[in-house]
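The values are calculated or read from the model by the stated rules, or taken from the named source; none is laboratory data. It should be emphasised that the depicted structure is a prediction, and the values quoted were computed from it without experimental measurement. Positions of Cβ are backbone-derived with ideal geometry, glycine not excepted, and every protein chain shown enters the neighbour counts.
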Amino acid sequence: MVRIFKRRESIKSATPGTQGIAPDAREALHIGTNYTGSGGDMNHKSRMLPVILAIISTQLLSACGGLSGKRDTAAQEAVAALRKIEAAVQVGVNYQQYGTLLIEAKSKVNDANAVLPDGELKQRLNAAMDASADAGQVWGIKISGPYLLPHREPGASLMRKYNLKTQTISAAALTYIDPDEAMQAAWGAAMGHLLMAQKQLEEQ
């Protein structure tokens, strides 16, 4: 009587090149590669091959889909957190509440940065976050200032970044940047970047 199967060794001696495949797929491949026989036995082996390949393909596709899903979820959550900032600005929010929203959004954007590949989506999310943070920084200066000065930081950088104009109080010989104008410019930039991020996400 012809023996159809060789004695399988311990699962530790997996078939070379299968370390990245799930255990059930590795075992199926191990069975297929250790199959011996001739004549009718070879026909059985040929029928086993599609089954083995199907198992391996399913495992690989599942792994790829999980990674893609993780990226998509992180990006969606970052967009949602940034949209909360946008909505809060539109309906009205105080400085403390705005700071809380910034912290939440920054956490979600950091999570997205950890899994997203370099590209426009990642750039747009970070740009929207930076612009929202710039608005918060100007808000803080307005409360404590109240002037945003063009010859000092962050006024000098913000003036270049958002193409802000200066105003002058002649009597006091003071040149300054209107903080409200600066905040509106930063929020407008954040909204533009967020819209582009959403577009990129929809096209993924």
The correct count of residues that are outside any helix (DSSP H, G or I) and of a type in the set (D, E, K, R) in the range 171-204 is 1
A careful count of residues in the range 140-199 that are closer than 22 Å to Glu86 by Cβ and among the hydroxyl-bearing types (Ser, Thr, Tyr) gives 1
From Ser132, Ser170, Ser144, which residue is out of contact with any His (no Cβ under 7 Å at 6 or more places or on another chain) and under 27 Å from Ala78 (Cβ atoms)?
Ser132
The lone exception for Ser144 - which of (1) of a type in the set (S, T, N, Q); (2) under 29 Å from the mean Cα position of the chain (by Cα); (3) over 23 Å from Gln90 (Cα atoms) it fails
(2)
All but one of (1) in contact with a helix residue (DSSP H, G or I) (Cβ under 8 Å, 6 or more places away or on another chain); (2) at pLDDT below 95; (3) under 23 Å from Gln204 (Cβ atoms) hold for Leu60; state the number of the condition that does not hold.
(1)
Regarding Ala171, is this residue of a type outside the set (Asp, Glu), touching a residue at least 24 places away in the same chain (Cβ under 8 Å) and surrounded by fewer than 19 Cβ atoms within 10 Å (Cβ to Cβ)?
no
Among the residues that make up the range 152-166, is at least one of them among the aromatic types (Phe, Trp, Tyr), out of contact with any strand residue (DSSP E or B) (no Cβ under 9 Å at 6 or more places or on another chain) and touching a residue at least 24 places away in the same chain (Cβ under 8 Å)?
yes
